[in-house]
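Reviewing the structure listed below.
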Amino acid sequence: MDSNRKKTRIVKEIKVDAKKCVGCRACEIACSAFHATPKYSSVNTARSRIMVVTDEMRDIFVPIRAGAYTEAECNGRNRYVIEGKEYDECTFCPASCPSRDAFKEPDSGLPLKCDMCESVPPLEKPMCVDACTFGALTYVEREEVVEAEPQKRGEMEIGLKSLIKKYGLKKVKDTIDRVSKE
Ligand code: SF4
Ligand code: SF4
Ligand code: SF4
């Protein structure tokens, strides 16, 4: 194997074309059904990891997937202006945050986060994408070079060299052999 070959990982993305979204909320229904216990046993969009921000008067619908939980309300917020209308600063935020009820499990209050529908066996594409017949959500996989690896290897080599210098090659080798068998 070529040890110089760069390591890669698969990055999964969902591209959102808000112009194609009609606010049908099929994505919310599919997500909540997939995450019900047992799977598909119920539908409760309050449990969905995707929510569609709707402004029906202006025909604006924006699907937002749940991101990470935040313990505290943030200080730096974004203000979105869409076609001249300024929206509330938390409107398009993907966080499960103490400042609002979005992306919280309705019974327990625990935060909900999109997990890309990871399951065994894996789905061909996430449930929300599959449910969106209007083409507003598109699943994309791309390969990304993992940059951190060479640095880690460098650090590991420096560590090993200093151990060899201190204890001698044989002792280090014997220890690695023994630990790897445990
Ligand atoms: S299923 Fe598609 S069109 Fe319907 S609300 Fe969700 S993103 Fe919008
Ligand atoms: S909802 Fe988002 S933008 Fe609003 S305070 Fe919480 S983290 Fe900040
Ligand atoms: S990818 Fe899966 S978990 Fe994430 S929002 Fe879509 S259906 Fe829900």
For every helix of n ≥ 4 consecutive DSSP H residues, a contribution of -39,500 (n - 2.57) applies; sum these over the chain, divide by its total residues, and give [θ] at 222 nm rounded to the nearest 500 deg cm²/dmol.
-8000 deg cm²/dmol
Evaluate the charge dipole of the range 2-124 about its Cα centre and quote only its size in Debye, nearest 20, assuming +1 on the Cβ of each Lys and Arg and -1 on the Cβ of each Asp and Glu.
540 debye
Within the range 1-75, which GluC sites (Glu not before Pro) sit in a loop by DSSP and count at most 15 neighbouring Cβ atoms inside 10 Å?
Glu71, Glu73
Zone residues, the range 85-104, relative to Lys113, backbone N less than 11 Å from point 7 Å out along Cα-to-Cβ
96
Between Cys74 and Glu124, what FRET efficiency comes out of the Förster formula 1/(1 + (r/R0)^6) with R0 = 41 Å and r the beta carbon distance, rounded to 0.05?
0.70
accessible surface per residue for the chain, probe 1.4 Å, DNA/RNA/ligands not counted, whole Å² -> 71 Å²
Under 5 Å between amide hydrogens, which residues at least 5 positions from Val52 or on another chain qualify, with H placed 1.01 Å from N in the peptide plane?
Ile64
Carbon/sulfur accessible area of the chain, % of total, 1.4 Å probe, equals 53 percent
16 Å reach of a label modelled at Glu83, 7 Å along Cα-to-Cβ, counting backbone N of the range 14-54
17-24, 53-54
Using a Gaussian network model of the chain whose springs link C-alpha atoms within less than 10 Å, name the residue from Val172, Val16, Val81 with the highest mean-square fluctuation.
Val172
Of the listed pairs Lys6/Lys171; Lys15/Lys113; Lys6/Lys161, which have alpha-carbon separations greater than 21 Å here?
Lys6/Lys171; Lys6/Lys161
Taking r as the C-beta separation of Glu143 and Ala36 and R0 as 41 Å, the FRET efficiency to the nearest 0.05 is 0.80
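The values are calculated or read from the model by the stated rules, or taken from the named source; none is laboratory data. Everything quoted here is computed from the prediction, not taken from an experiment. Here the Cβ is made from the backbone with ideal geometry for all residues, glycine too, and neighbour counts use every protein chain on show. Keep in mind that these areas ignore ligands, DNA and RNA; they rest on the heavy atoms of the full protein, side chains included. Shrake-Rupley method; radii C 1.70, N 1.55, O 1.52, S 1.80 Å.
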